[in-house]
Amino acid sequence: MRLTPHQICRSRLAGIAFLLPGILLSHGVAQAQAVPLAERLQLCAGCHNPDGNSIILENPKLSGLDAGYIVRQLRDFKSGIRKSPVMSTIIPMVDEKEFPALAEFFSKQQRKPGVAVDAKRAAQGKEIYDEGIDSSAVPACSGCHNDDGSGTDKYPRIGGQNSAYVIQQLMNFKSGERANDVKAVMRAVAKRMNEKDIRAVAEYMVTLKGEPE
């Protein structure tokens with residue numbers, strides 16, 4: 001039986017939790033305590049790999065993301081604005097003072113691009129990424145995330161991102177489950193996309209390097 005991403009992360013973290021001094025339990029509730037960066041990174045590696053290039057396709061690659069963007073996402077997880085069954089169990093363990101150092105570390109890691117599984121679907125995704133969809137008023141992804149998928153401090157680097165993760169996030173924006181996007185831009189865009197569009201553009205994004213040639 002194939003484990004879900006949540007189950008994989010929880011099984012990995014189970015062995016780590018009792019080894020790291022920064023994880024304290026009080027009546028079964030995780031308590032935040034700042035620890036050295038190297039120790040905290042062991043916790044992150046359980047789901048995102050030591051270099052931030054998660055091999056669990058439903059989890060995001062943190063490598064090469066803008067540090068400010070990572071900090072904002074961590075704060076949103078901490079406050080509950082952004083929801084995740086995995087992060088909701090992890091983020092209480094992490095002191096907010098640790099966010100900048102964690103973000104800086106992952107921002108400096110090299111992103112490893114992936115390979116499209118379905119070349120035809122990726123080609124359809126490229127058209128959406130570069131040109132948008134006129135019939136449903138979907139703007140080109142490149143307008144905010146750049147031609148190479150490198151992103152900005154406001155809009156994340158999506159080049160080389162795990163396709164299953166991209167699909168889930170776009171579906172979450174579409175349904176409104178995720179609502180921490182800048183000026184609700186992604187919710188407006190995703191609502192105009194059907195699942196076929198979403199899967200196509202995710203298939204193309206995984207091939208982008210996310211950095212200038």
- Message: Just to check your reading of the model, which residue among Q169, Q161 is within 18 Å of P139 (Cβ to Cβ) and polar (S, T, N, Q)?
- Response: Q169
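Just need a number here: residues in region 128-147 that are surrounded by 14 or more Cβ atoms within 10 Å (Cβ to Cβ) and without any contact (Cβ under 8 Å) to a residue 60 or more places away in the chain.
Within region 128-147, the subset surrounded by 14 or more Cβ atoms within 10 Å (Cβ to Cβ) is 128-129, 132-133, 138-142, 144-147.
Applying the additional criterion that residues be without any contact (Cβ under 8 Å) to a residue 60 or more places away in the chain yields 132, 138-140, 142, 144-147.
Number satisfying all stated conditions: 9.
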- Note on the structure: Here the residues within region 99-127 that are more than 18 Å from V201 (Cα to Cα) and in contact with a helix residue (DSSP H, G or I) (Cβ under 8 Å, 6 or more places away or on another chain) are F99, P100, A101, L102, A103, E104, F105, F106, S107
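Might you let me know whether region 166-174 holds any residue that is part of a loop (DSSP other than H, G, I, E, B) and out of contact with any Gly (no Cβ under 8 Å at 6 or more places or on another chain)?
If we filter region 166-174 for residues that are part of a loop (DSSP other than H, G, I, E, B), which is where we start, we get none.
There is no residue in region 166-174 that is part of a loop (DSSP other than H, G, I, E, B) and out of contact with any Gly (no Cβ under 8 Å at 6 or more places or on another chain).
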- Some residue of region 169-192 being within 16 Å of K126 (Cα to Cα) and in contact (Cβ under 8 Å) with a residue 60 or more places away in the chain: no
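Pull up region 64-74, narrow it to residues that are more than 10 Å from the chain's Cα centre (by Cα) and closer than 19 Å to L208 by Cβ, then point me to the one that is surrounded by the most Cβ atoms within 10 Å (Cβ to Cβ).
Per the criteria, the residue is G64.
Just the residues that are of a type in the set (V, I, T) and either buried (at least 21 other Cβ atoms within 10 Å of the Cβ) or at pLDDT below 95 (or both), please, taken from region 159-175.
Within region 159-175, V166 is the sole residue that qualifies.
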- Message: Return the residues of region 76-110 that are surrounded by 16 or more Cβ atoms within 10 Å (Cβ to Cβ), among the aliphatic types (A, V, I, L, M), farther than 17 Å from E39 by Cα and in contact (Cβ under 8 Å) with a residue 24 or more places away in the chain; say none if nothing qualifies.
- Response: V86
- Of all the residues that make up region 111-124, how many are more than 19 Å from the chain's Cα centre (by Cα) and either in contact (Cβ under 8 Å) with a residue 60 or more places away in the chain or crowded, with 19+ Cβ neighbours inside 10 Å (or both)? 6
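Of K183, K174, which residue is outside the structural domain of C47 (by TED's automatic domain parsing), of a type in the set (D, E, K, R) and out of contact with any helix residue (DSSP H, G or I) (no Cβ under 8 Å at 6 or more places or on another chain)?
Working: K174 fails: out of contact with any helix residue (DSSP H, G or I) (no Cβ under 8 Å at 6 or more places or on another chain).
After applying the criteria, what remains is K183.
The rows are residues; the columns are (1) assigned to a helix (DSSP H, G or I); (2) modelled with pLDDT of 55 or more; (3) small (G, A, S).
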residue: R10; (1), (2), (3): yes, yes, no
residue: P21; (1), (2), (3): no, no, no
residue: E39; (1), (2), (3): yes, yes, no
residue: Q42; (1), (2), (3): yes, yes, no
residue: D51; (1), (2), (3): no, yes, no
residue: K61; (1), (2), (3): no, yes, no
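Inspect all residues belonging to region 148-158 and state whether any of them is surrounded by fewer than 19 Cβ atoms within 10 Å (Cβ to Cβ) and in a helix (DSSP H, G or I). Lay out the reasoning, then the answer.
Residues of region 148-158 that are surrounded by fewer than 19 Cβ atoms within 10 Å (Cβ to Cβ), as a first pass: 148, 152-154.
After this cut, where a residue has to be in a helix (DSSP H, G or I) as well, the list is none.
No; the residues of region 148-158 include none that is surrounded by fewer than 19 Cβ atoms within 10 Å (Cβ to Cβ) and in a helix (DSSP H, G or I).
Looking at R178, R192, which one is crowded, with 18+ Cβ neighbours inside 10 Å and among the basic types (K, R)? Working first, answer last.
Values: R192 fails: crowded, with 18+ Cβ neighbours inside 10 Å.
Criteria check complete, one pass: R178.
Yes/no matrix, rows are residues, columns are (1) more than 25 Å from I81 (Cβ to Cβ); (2) modelled with pLDDT of 95 or more:
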site	(1), (2)
G125	yes, yes
Y129	yes, yes
D134	yes, yes
S142	yes, yes
M186	no, yes
Y204	yes, yes
K209	yes, no
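The values are calculated or read from the model by the stated rules, or taken from the named source; none is laboratory data. Every value quoted in this text rests on a predicted model; they were computed, and no experiment measured them. Cβ atoms come from the backbone with ideal geometry, glycine included; neighbour counts cover every protein chain shown.
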